[in-house]
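Remarks on the structure that follows.
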Amino acid sequence: MEQKAIIMDESAIRRAVARITYEILERNRGAENLCIVGILSRGVVLAERIARKIYELERAEVEFGALDITPFRDDRIANATHSAKSTIHFPVQDKRVVIVDDVLYTGRSCRAAIDAILAIGRPQCMQLAVLVDRGHRELPIRPDYIGKNVPTAQSETVRVSVREIDGTDCVVIYQNTDAEMRKE
């Protein structure tokens, strides 16, 4: 893959997370009955940043968890059971659950996250926050909160790097070569 462009640097990601947090608090009229669930792996980092920002703004700790969607994906044969990698140690029943992911593409990861959450309880509602919405939906899924809309070609890949995992914060678009596209 050939790097095409850095579309978000550290400060752009920080501003996007802050804006998403403000929008979450405004839409939900504060942090009461709210919980944040990040999709492994980079969605968890972003979700944790949102939870910290909520505490900074509201002095309210929101319940926070990590969600492994692997058993719920529709492109793998697996038993749809709660994954051992998931760390949701609180009831989601009747809560307002905000699902956080790094990149929204086809919508299949979000559908799997919805199924995984419904397997452990019935929330009052679910909302979706993504750092990057790149389009190309295959399912009727639309995020409630978006850090950045980035129209992309299907021949491109969007990669989010976060300091906690990758050592740096940035979002980069890569152009796939013809050989790489044939493999996918």
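Where residues in the range 3-42 are in contact with a Phe, Trp or Tyr (Cβ under 9 Å, 6 or more places away or on another chain) and of a type in the set (D, E, K, R), which of them is surrounded by the fewest Cβ atoms within 10 Å (Cβ to Cβ)?
Taking the candidates together, the pick is Arg27.
So which of Thr157, Thr152 ends up being assigned to a loop (DSSP other than H, G, I, E, B) and over 22 Å from Gly30 (Cβ atoms)?
Residue meeting the stated conditions: Thr152.
Kindly list, by first and then second residue, each pair from a residue in the range 1-29 that is closer than 14 Å to Arg52 by Cβ to a residue that is among the hydroxyl-bearing types (Ser, Thr, Tyr) and at pLDDT 95 or above, limited to pairs with Cβ atoms under 6 Å and residues at least 6 apart or on different chains.
From residues that are closer than 14 Å to Arg52 by Cβ, the pairs are Ile20/Tyr145.
Count, please, the residues in the range 107-140 that happen to be crowded, with 16+ Cβ neighbours inside 10 Å, on the phi < 0 side of the Ramachandran plot and not basic (Lys, Arg).
In the first step, residues of the range 107-140 are kept if they are crowded, with 16+ Cβ neighbours inside 10 Å; the result is 107-114, 116-117, 120, 123, 126-134.
Filter once more, keeping what is on the phi < 0 side of the Ramachandran plot: 108-114, 116-117, 120, 123, 126-134.
Subsequent filtering for residues that are not basic (Lys, Arg) retains 109-110, 112-114, 116-117, 120, 123, 126-133.
Looking only at that region, the number is 17.
Residue-wise test of (1) at pLDDT below 95; (2) over 29 Å from Glu156 (Cα atoms); (3) in contact with a Ser or Thr (Cβ under 6 Å, 6 or more places away or on another chain).
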site: Glu10; (1), (2), (3): no, no, no
site: Leu25; (1), (2), (3): no, yes, no
site: Asn33; (1), (2), (3): no, yes, no
site: Val37; (1), (2), (3): no, no, no
site: Arg49; (1), (2), (3): no, no, no
site: Lys53; (1), (2), (3): no, yes, yes
site: Leu57; (1), (2), (3): no, yes, no
site: Asn79; (1), (2), (3): yes, yes, no
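Could you list, in sequence order, the residues of the range 81-115 that are in contact with a Ser or Thr (Cβ under 7 Å, 6 or more places away or on another chain) and at pLDDT 95 or above?
Keep residues of the range 81-115 that are in contact with a Ser or Thr (Cβ under 7 Å, 6 or more places away or on another chain), which gives 83, 101.
Selection gives Asp101 alone.
Looking at (1) touching a residue at least 12 places away in the same chain (Cβ under 8 Å); (2) more than 17 Å from Val44 (Cα to Cα), find the lone condition where Leu128 falls short.
The number of the failed condition is (2).
Give the range 21-31 a look and list any residue that's outside any helix (DSSP H, G or I) and in contact with a strand residue (DSSP E or B) (Cβ under 9 Å, 6 or more places away or on another chain), or say none. Please lay out each step first, then the result.
Let us first name the residues in the range 21-31 that are outside any helix (DSSP H, G or I), namely 28-31.
Result: Asn28, single match.
Six or more apart or on different chains, Cβ atoms under 6 Å: show the pairs whose first residue is in the range 30-48 and on the phi > 0 side of the Ramachandran plot and whose second is surrounded by fewer than 24 Cβ atoms within 10 Å (Cβ to Cβ) and outside any helix (DSSP H, G or I).
Cβ pairs passing all conditions: Asn33/Lys95; Asn33/Arg96.
The values are calculated or read from the model by the stated rules, or taken from the named source; none is laboratory data. Quick caveat, the model's predicted, so the values are computed rather than measured. Neighbour counts are summed over all protein chains in view; Cβ atoms, including those assigned to glycine, are modelled from backbone coordinates with ideal geometry.
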